[in-house]
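Down below is the structure, laid out as structure tokens.
The values are calculated or read from the model by the stated rules, or taken from the named source; none is laboratory data. Everything numeric in this text was worked out from a predicted model, so none of it was measured. Methodologically, a virtual Cβ is constructed for each residue, glycine included, from the backbone with ideal geometry; neighbour enumeration extends over all protein chains shown. When the accessible area is computed, the model is the full protein with side chains, heavy atoms only, and any ligands, DNA or RNA have been set aside. Shrake-Rupley method; radii C 1.70, N 1.55, O 1.52, S 1.80 Å.
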Amino acid sequence: MNRDGARTSLWQANRPNYQPVGRWDKNGIYDVLIVGGGITGLTTALLLQEQGKKCLVAEAHTLGFGTTGGTTSHLNTLVDTTYPTLESDFGQEGARQVAQATGEAIALVERLVTQYQIDAGFSYQSAWLYAQDEKEVQELEEIYEASRRAGLEVQAAGAIPVPIPFQKAYRFAGQGQIHASQYLLGLAAAFEKAGGVIVQQCLVQGTSHHDPIVATTSQGEIRARKLVYATHQPPGVSIFNFRLAPYRSYAAAFTLKDEKYPTGLAYDMKDPYNYFRTQESDGVRYVIAGGFDHKTGHEDNTDHIFTELEAYQRTYFNVDQMAYRWSSQYYEPVDGLPYIGAYPGLEGTFVATGYSGNGITYGTVAGQLLSNLLMGQDSPYADLFSPARIKPVASFANFIKENADVASVFIGKRFSYEKITELAELAPGEAKTVKWEGTPIALYKEENGKVYALDPVCPHAKCIVHWNGAEKSWDCPCHGARYGCDGSLLTGPARRGLTVLEWEKLPI
Ligand SMILES: Cc1cc2nc3c(=O)[nH]c(=O)nc-3n(C[C@H](O)[C@H](O)[C@H](O)COP(=O)(O)OP(=O)(O)OC[C@H]3O[C@@H](n4cnc5c(N)ncnc54)[C@H](O)[C@@H]3O)c2cc1C
């Protein structure tokens, strides 16, 4: 399985890319075009296809290429936005609805793995939240009270499933876990068996919003009555750019020399928090641990974060082998809840985004909610998650204008290979953003010595990209678009890659 980063996640190992069997009817009009082949897209597609809709999933790369391939795959009603915060921002009823919607999502995962016999190791689990100092204890008590009011089953706990010191802990029942790629590929197979169509390597580049909607893609046009953006963040410049902040998060899967594998899910109360669970994959047990989050494009040495992550695990666990270490991206919504529903201002178009670190659960919530909306059915959660709670931001036009200058400076410059190598003495595997006559250039030297020179101006909103050494990508610190070291588009919201400076062909 391919993914949007250079490192291999546990979910990719020994998993070939999905081979679709269905055939795209290029002359037909689909009921629903679902853009994106992650947990959101596949869950939505399967639920719609089950109810008789004719659906097509268009995936820019291969299934699981996005964050679903880089997740840690806990299933939670104990979500990242704490219940006291949910109560204060969305009321007690809003907090209760979050608990109910996420609980129903875990039950939906259980229904789908059972009905379609998806061998993905789904299990219900308890989760332990533990405090390590007085301040955290106080916060934990508040979380306990608000979680109970929201309807979660919570009890004080005298022990936690990880060998880490703590002062106070609570156990939350009704959480879960699943093998991310086995589940995703199982959903895809069930969807195709129900008559759905999956088209991979199919980047949706633009859409016309008439009836039918016509999507322009890298493989030709797709016609559909409705469209769902299940792309994690919708492509292009949109109001969502002001409602979502991109974050990178780090994970590791390791084996132990002893038998102290966690028997449940465990979370500390740091910000960012550390978390742990056990996952079996291909007959081997691993501890999955994660944390060390930071805003995308705001960290100079992302490789070093893995050193810290590993050191933290070795402090408490008797680590045998650090088998996998990977990082991935999530989007923090400005008000703490995802945006799921009709895309404001775009007729016939739906969206699901802004899941924080809970998108396996919220992606399933989205599948249920979007399929309800598209089938014309009521959902008790439609208002709570509605993207229409977004207000347009007046300053956007200024933002674009200011940043457009960066691009105009760049146009017209000419480079030679000698100039570029002179600009930066690069070691193999190294990248740099250098300036030549005031103009930035993004440079990367492959291990074999080949140098890539790119315009570092992100084509989405004209910010300057930042090198992510851990995943060998250029990441945009503004809205999270990401590019390969050759400039190719990895993840939106940009719609195209970075401009490659073809120095050999340019006049010097
Ligand atoms: C390190 C880490 C750990 C996490 N752990 C958990 C966890 O334990 N539990 C949990 O619930 N959540 C977790 N999350 C969050 C969760 O994994 C994600 O929110 C979720 O996987 C997002 O799924 P998605 O389908 O919406 O998006 P993605 O999986 O990103 O899929 C979107 C797909 O759309 C495709 N695409 C994008 N643009 C286009 C286009 N224009 N045309 C065609 N295709 C396009 C992409 O290639 C991609 O495959 C974690 C996140 C991180 C970063």
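Where the accessible area of the chain is counted over protein heavy atoms with a 1.4 Å probe, how much of it, in %, is carbon and sulfur?
48
Compute the accessible area per residue over the chain, keeping the other protein chains in place, probe 1.4 Å, unit Å². Let's see the in-between values first.
On the way: 20160 Å² over 508 residues.
Result: 40 Å² of accessible area for each residue.
Could you let me know the centre-to-centre spacing of the range 247-289 and the range 118-167, using Cα atoms, in angstrom?
16
Counting Lys and Arg as +1 and Asp and Glu as -1, what is the net charge of the other residues whose Cβ lies under 11 Å from the Cβ of Ala169?
Numbers: positive: Lys168, Arg171; negative: Glu136, Asp268.
Net of charged neighbours comes to 0.
Filter the trypsin sites (Lys or Arg not before Pro) in the range 1-104 to those in DSSP coil with at most 12 other Cβ atoms within 10 Å of their Cβ, and list the result.
Arg23, Lys26
Which net charge results for the neighbourhood of Ser208, defined as the other residues with beta-carbon distances under 11 angstrom from its beta-carbon, given Lys and Arg at +1 and Asp and Glu at -1?
For residues surrounding Ser208, the net value is -2.
Can you tell me which of 184-192, 120-128 comes out highest on packing, and rank the rest after it, using the mean Cβ neighbours within 10 Å?
Put in order of decreasing packing, that is 184-192, 120-128.
Would you calculate the volume per residue, in Å³, of the smallest convex hull containing every Cα atom of the chain?
156
Share of antiparallel DSSP beta bridges in the chain, in percent to the nearest 5? If you can, show how the numbers build up before the last one.
Details: 76 of 96 bridges.
Around 80 percent of the beta bridges assigned by DSSP in the chain are antiparallel ones.
Give me the net charge for the shell around Gln97: Cβ to Cβ below 13 angstrom, other residues only, Lys and Arg +1, Asp and Glu -1.
That sum, taken over residues with Cβ under 13 Å, equals -3.
What percent do you get for the relative contact order of the range 310-391 when only Cα pairs under 8 Å and 6+ apart count?
29
I need to check one value: relative contact order of the range 246-333, counting alpha carbon pairs closer than 8 Å and at least 6 residues apart, in percent.
Worked out over the range 246-333, it gives 47 percent.
What's the ranking of 151-158, 363-370 by average number of surrounding C-beta atoms within 10 Å, highest first?
Ranking, from highest mean packing down: 363-370, 151-158.
Taking the Cα centroid of the range 102-117 and of the range 469-489, what is the distance between the two, rounded to the nearest whole Å?
Between the Cα centre of the range 102-117 and that of the range 469-489, the gap is 34 Å.
For the range 209-310, which GluC sites (Glu not before Pro) are both in a DSSP coil and crowded by at most 12 other Cβ atoms within 10 Å?
Of the GluC sites (Glu not before Pro), the ones in loops of the range 209-310 whose Cβ has at most 12 other Cβ atoms within 10 Å are Glu259.
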